[in-house]
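Undergrad: Here you go, one structure.
The values are calculated or read from the model by the stated rules, or taken from the named source; none is laboratory data. The structure presented is a predicted model; accordingly, all values stated were derived computationally and were not measured. Backbone-built Cβ (ideal geometry, glycine too); neighbour counts: all protein chains shown.
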């Protein structure tokens, strides 16, 4: 299966800000409204289509995931990878694209987070002319097959220019006789395989995705106050654990700290377990022992449930055995 792509109209300020900061592992291509984004699937490219008078393709990123998130969470997760230097600056840009909405001084609105991995931003001299059949009435963007016509032309040029941005990652476009169309064929990990594959999330995307998957509620305590909720890795990223929702649990900050320290765990049968260490070493922990043995709350989507093998890894490698008597 070969990729298709989505050419999305792109704010020049967002683009210019991030181009000056590459290389980046991920960015948030945010939308000012709460519309669900279904134009492409994870693993397919989103191309940055710059508006008039430029009318050009300035780069691309690989679509990882879409979530609706409070603008504060989006900022906390991605920081300046939202394309702005401060939270206030980001909010001003969001509000500029929300005509007709009353200004909320508390900034309680949501944004659509189109999370892109491995983005590439081209220098102006390398911008690619937009499709010849691009409609001037297109507001948000348009999908294109990358296997033929203008989509094929643009994707070939994107891959060629990407080599100059990341010369150590060889990239080939397959379009020989008998091919169904172009595919990215790197010798390294940057743009995936010829098939559409699930891209790895970055740290910011991981946080937003886990928070959304668990309905903004701690899996153990049910706490809903987002400022004290954290996306915990079951197997740490530094220990080869992926930034992937099945490797995550949304935990209140104190529970997260105990989880990382091996004082608590979640068993493969999805129950919260507390070690005797908490009582033996600190002579307290009553609030946590009260939860010992309870089943955790799970995401609505089965695909977002914690990976049982990763839970088993935490049980065997981080958690110190011994339950409360």
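Undergrad: Mind checking which residues of region 215-234 are farther than 16 Å from residue 272 by Cα and either touching a helix residue (DSSP H, G or I) at 6+ places or on another chain (Cβ under 9 Å) or free of Cβ contacts under 8 Å to residues at least 60 places away in the same chain (or both)? Outline the logic, then answer.
TA: Filtering region 215-234 down to residues farther than 16 Å from residue 272 by Cα leaves 215-216, 224-231.
216, 224, 225, 226, 227, 228, 229, 230, 231, listed by residue number.
Undergrad: Going by what's in this entry, would residue 257 be described as closer than 29 Å to residue 69 by Cα, out of contact with any helix residue (DSSP H, G or I) (no Cβ under 9 Å at 6 or more places or on another chain) and without any contact (Cβ under 8 Å) to a residue 60 or more places away in the chain?
TA: Numbers: closer than 29 Å to residue 69 by Cα: yes; out of contact with any helix residue (DSSP H, G or I) (no Cβ under 9 Å at 6 or more places or on another chain): yes; without any contact (Cβ under 8 Å) to a residue 60 or more places away in the chain: yes.
It is true that residue 257 is closer than 29 Å to residue 69 by Cα, out of contact with any helix residue (DSSP H, G or I) (no Cβ under 9 Å at 6 or more places or on another chain) and without any contact (Cβ under 8 Å) to a residue 60 or more places away in the chain.
Undergrad: Residues in region 15-45 that are without any contact (Cβ under 8 Å) to a residue 40 or more places away in the chain and either loosely packed, with under 14 Cβ neighbours inside 10 Å or within 18 Å of the chain's Cα centre (by Cα) (or both): how many? Let's see the steps before the verdict.
TA: Initial filter on region 15-45 (without any contact (Cβ under 8 Å) to a residue 40 or more places away in the chain): 16, 20, 38.
Now restrict to residues that are either loosely packed, with under 14 Cβ neighbours inside 10 Å or within 18 Å of the chain's Cα centre (by Cα) (or both): 20, 38.
Adding up the residues that qualify gives 2.
Undergrad: I'd like to know if region 131-149 contains one or more residues that are touching a helix residue (DSSP H, G or I) at 6+ places or on another chain (Cβ under 8 Å), within 19 Å of residue 36 (Cβ to Cβ), at pLDDT 90 or above and assigned by TED's automatic domain parsing to the domain that holds residue 56.
TA: no
So that you can scan it fast, the table gives a plain yes or no per residue for (1) under 25 Å from residue 126 (Cα atoms); (2) without any contact (Cβ under 8 Å) to a residue 12 or more places away in the chain:
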| residue | (1), (2) |
| --- | --- |
| 47 | yes, no |
| 52 | yes, yes |
| 56 | yes, no |
| 62 | yes, no |
| 68 | no, no |
| 71 | no, no |
| 76 | no, no |
| 79 | no, no |
| 88 | no, yes |
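Undergrad: Here is a further query. Out of the residues in region 128-144 meeting the condition of being over 10 Å from residue 7 (Cβ atoms) and part of a strand (DSSP E or B), tell me which one is nearest to the chain's Cα centre (by Cα).
TA: 128
Undergrad: Let me ask something else about it. Looking at region 101-111, can you tell me whether even one residue there is out of contact with any strand residue (DSSP E or B) (no Cβ under 6 Å at 6 or more places or on another chain), surrounded by fewer than 18 Cβ atoms within 10 Å (Cβ to Cβ) and in contact (Cβ under 8 Å) with a residue 60 or more places away in the chain? Outline the logic, then answer.
TA: Step one: list which residues in region 101-111 are out of contact with any strand residue (DSSP E or B) (no Cβ under 6 Å at 6 or more places or on another chain), which gives 101-109.
Subset that is surrounded by fewer than 18 Cβ atoms within 10 Å (Cβ to Cβ): 101-108.
Those left that are additionally in contact (Cβ under 8 Å) with a residue 60 or more places away in the chain: none.
No: zero hits.
Undergrad: Would you be able to say whether some residue in region 180-192 is modelled with pLDDT of 60 or more and in contact with a helix residue (DSSP H, G or I) (Cβ under 8 Å, 6 or more places away or on another chain)?
TA: First, the residues of region 180-192 that are modelled with pLDDT of 60 or more: none.
No, that holds for no residue.
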